[in-house]
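The structure appears below as structure tokens.
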Amino acid sequence: MEETIFKIKDLDLYYGEKQALKKVTMDINKNRVTAFIGPSGCGKSTFLRCLNRMNDLIEGCRIEGSITINDTDINSGKMNVVDLRTRVGMVFQKPNPFPMSIFDNVAYGPRCQGIKDKHLLTQIVETSLKQAALWDEVSDRLNDSAMGLSGGQQQRLCIARAIAMEPEVILMDEPTSALDPIATAKIEDLIEELKHDYTIIIVTHSMLQAARVSDYTAFFLLGEVIEFQETSKLFKQPLDKRTEDYITGRFG
């Protein structure tokens, strides 16, 4: 029996008068990779940002319906947003390392949480970089600027930075769209490894990537989830004609 981490029920999201998400309902399972696919502007990134309340930062954004993480409503007064974003980390489309050393990038979050012990910070940095498959490439230059890393290395550094906060979930918004095929393959291999310890939710514009890395896939269209099921079933036997049209390239 799969264990559910997020339960989303009848989620509507509005930017002012414009409705961007309509009655989104799904359960997201723990230690699995869930992919969101669909044409540009269909709501997949907007929905991803609901899961750690990043949309709170957008003026005029209003949400109805419910999202719970381990049965706690994330939009209720009981949920501390800083705690939520610690539990639900985020990796963005474009690598965004801080203009500081590789070590300080990874140690930044733990330091903000009040960890001052140098030995403990060193341990966290090493473990996080190893989990992000970057340690072997940077272990001898931790004091060098992160800005000197390649794009693929910077993205893995951002994943290490998220891991250092010991999240339960890692959200990834098109994490390989700015990377070359070799760097993309490394991130995909990494996602496969990370799901043993974390729940991964990825927005991707590449259906091939969704098919390769995810256990479950949701197909979004015009703010609605048209279909959500195991990835292998969704791609081989889609239940909805619109899903079939999209994955066979008839539109989108």
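The sole residue among LEU13, LEU48 that is modelled with pLDDT of 95 or more and in contact with a Cys (Cβ under 9 Å, 6 or more places away or on another chain) is LEU13.
Considering only region 64-83, state which residues are of a type in the set (A, V, I, L, M) and modelled with pLDDT under 95.
MET79, VAL81, VAL82
THR127 falls short on exactly one of the conditions (1) in a helix (DSSP H, G or I); (2) within 22 Å of the chain's Cα centre (by Cα); (3) surrounded by 17 or more Cβ atoms within 10 Å (Cβ to Cβ), and that condition is (3).
Which strands (runs of 3 or more DSSP E) does region 1-64 wholly contain that include 3 or more residues that are surrounded by fewer than 21 Cβ atoms within 10 Å (Cβ to Cβ) and at negative phi? Spell out the reasoning first.
Working: elements: 4-15, 18-29, 33-37.
In region 1-64, the matching strands (runs of 3 or more DSSP E) lie at 4-15, 18-29.
Scanning region 106-114 turns up no residue that is in contact (Cβ under 8 Å) with a residue 40 or more places away in the chain, in a helix (DSSP H, G or I), crowded, with 19+ Cβ neighbours inside 10 Å and of a type in the set (Phe, Trp, Tyr). Considered as a group, the residues in region 133-158 that are touching a helix residue (DSSP H, G or I) at 6+ places or on another chain (Cβ under 7 Å) and in contact (Cβ under 8 Å) with a residue 60 or more places away in the chain include one that is nearest to GLY109 (Cα to Cα), and that residue is LEU157. Pairs needed: first member in region 68-84, in a loop (DSSP other than H, G, I, E, B); second member anywhere, surrounded by 13 or more Cβ atoms within 10 Å (Cβ to Cβ) and of a type in the set (A, V, I, L, M); C-beta distance under 6 Å; at least 6 residues apart or different chains. Sorted first by the residue in region 68-84, then by its partner, the pairs are ILE74/ILE67; ILE74/LEU84. For the structure I just gave you, tell me whether ARG161 is of a type in the set (Lys, Arg), under 25 Å from HIS196 (Cα atoms) and surrounded by 23 or more Cβ atoms within 10 Å (Cβ to Cβ). Answer is yes for this residue.
Considering only region 169-243, give the strands (runs of 3 or more DSSP E) lying wholly within it that have at least 1 residues that are within 23 Å of LEU134 (Cα to Cα) and touching a residue at least 24 places away in the same chain (Cβ under 8 Å).
Details: elements: 169-173, 199-203, 216-221, 224-230.
It comes to 169-173, 199-203.
Residue count for region 130-149 under the criterion of being more than 21 Å from the chain's Cα centre (by Cα) and not in a helix (DSSP H, G or I): the result is 8.
Here is a yes/no grid of residues against (1) closer than 19 Å to PRO175 by Cβ; (2) in contact with a strand residue (DSSP E or B) (Cβ under 8 Å, 6 or more places away or on another chain); (3) touching a residue at least 12 places away in the same chain (Cβ under 8 Å):
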site	(1), (2), (3)
PHE47	yes, yes, yes
ARG53	no, no, yes
GLU59	no, no, no
VAL88	yes, yes, yes
GLN93	yes, yes, yes
MET100	no, yes, yes
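The values are calculated or read from the model by the stated rules, or taken from the named source; none is laboratory data. Because the structure is a prediction, the values reported are computed rather than measured. With ideal geometry, Cβ positions are generated from the backbone for all residues, glycine too; neighbour counts draw on all protein chains shown.
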